[in-house]
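Note sheet for the following structure.
Computed from the coordinates by the stated procedures, all read-outs in this text should not be read as laboratory data. Treat the numbers as computed from the prediction; the structure is a model and nothing was measured. Cβ placement follows ideal geometry from the backbone for every residue including glycine, while neighbour counts extend to all protein chains displayed.
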Amino acid sequence: MRSSSSVAWLFADAWFTVKAQTKTVCAVHSLVQWLAGCLENLRQGQHLKRVVVMGTFVFVLLFLPVCSFSQDNAVRIAPTYTIPLGKLSWSYLPSPGASVSFVYVQSHKKGVPRFITGLTLSYTKLQPRADTLFYVIDSDVDGLSNESVGLGTAVFSPYKMLQFQLFIHRAISLKKKKIFFEPGIAIGGMYGSQSFEFTTFTGGGESYDESVMWATMGPQAAIEFKLSSALSIIPSISYSFMVQVGSNDPESVDYNPNLGTTQHLYSTSLALNYSF
C-alpha cells in the first residue's frame, strides 16, 4: 500500500510534468519531490535534523536563480497574530507578534507578478493562560500528619518564538495589476524558549529554562491589494506544522528527550509592502 506522501507526490509529479515549461516550475517540481521524501521520513520519525538542514540548503539553491532574474525587490513589514492549536492551546493564548520579509518578484514581460520568493523573520511571545498554577503537595508518606499537606505553585513564563521561513508563492491576478491571490508554501525553523519555577509551601523549590529547535512547514495564502506601483497591503494566513529536532543521543550537546514531538499553529498578518 502506498503511503499518503507517495500518493501526493504522484499527483504533484503528473501536474508538473504537463506544466514544466520554465526553469522556475522545474525548480518547484524538484522541491515537491524533496518534500514528499521529507514527509515520509517525518512519518517514520527518521533523520529529522538532517531533513531540516538539507531542506533549507536545497530550497536556497533552487530559488536563488529565481531571485537573480527577478524584476522587483520588496520589503514587507507586518503585525502578526498567532493562534496556537492542539496541546499548545491548552497552555497558551493567541498572541500578537511582528514580522519582516525580504521578497523577490519574478514578473511577466508585461510587469505582472508571476512567482514570489523570499525570507520571513518573525517574533511572537505566546502568553500563558495562567502564569501561576497551584497544586497539592503531600509530603507525609505514612499519612500520620495533616501538617505536611499544602499548596505548591508552578509559574510559567511566556513562550518566546523566533522563526525564519523561506517561501515561494504563485501570484494569480484577480484584477489586472491591482489584486493578486498568492497561494504558496514555506519551510524553515523556529527557536522557542520558556522558563518554569516551582515552589512548595515550605519555601523550597526549583527553576529551569527550556530552549528547543523546531522544524516548520506549511501552506500559506495571501491577497495583495496594489495601492500604487510601489505600495500594497497584503493580508495573509498561514499554517505551521512543527517538529522538535535535535539528537536522541544522551551524550550529544543537541540531545532532546522530546525529539519528534509535534505542534501546530495558525498565524495571520497584515503587511505593508514596499517594492523597489
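Once the other residues with Cβ under 14 Å from the Cβ of residue 269 are scored (Lys, Arg +1; Asp, Glu -1), what is the net sum? Walk me through the numbers before you get to the answer.
Details: positive: 76; negative: 182, 224.
Result for the local shell: -1.
Using the beta-carbon distance between residue 174 and residue 93 and R0 = 35 Å, what value does 1/(1 + (r/R0)^6) give for FRET efficiency, to the nearest 0.05?
Once rounded, the FRET efficiency stands at 0.55.
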Exercise. In the neighborhood of residue 83, defined by Cβ-to-Cβ distances under 15 Å, what is the net charge if each Lys or Arg adds +1 and each Asp or Glu adds -1?
Worked result: +3
Seminar exercise, completed: Extension length gain for residue 135 and residue 254 (0.36 nm per residue less Cα distance), in nm, is 39.6 nm
Exercise. Using the alpha-carbon centroid of each, what span in Å lies between the range 69-99 and the range 185-263?
Worked result: 11
Exercise. Per residue, how much space in cubic angstrom lies within the convex hull of the C-alpha atoms of the range 171-276?
Worked result: 162
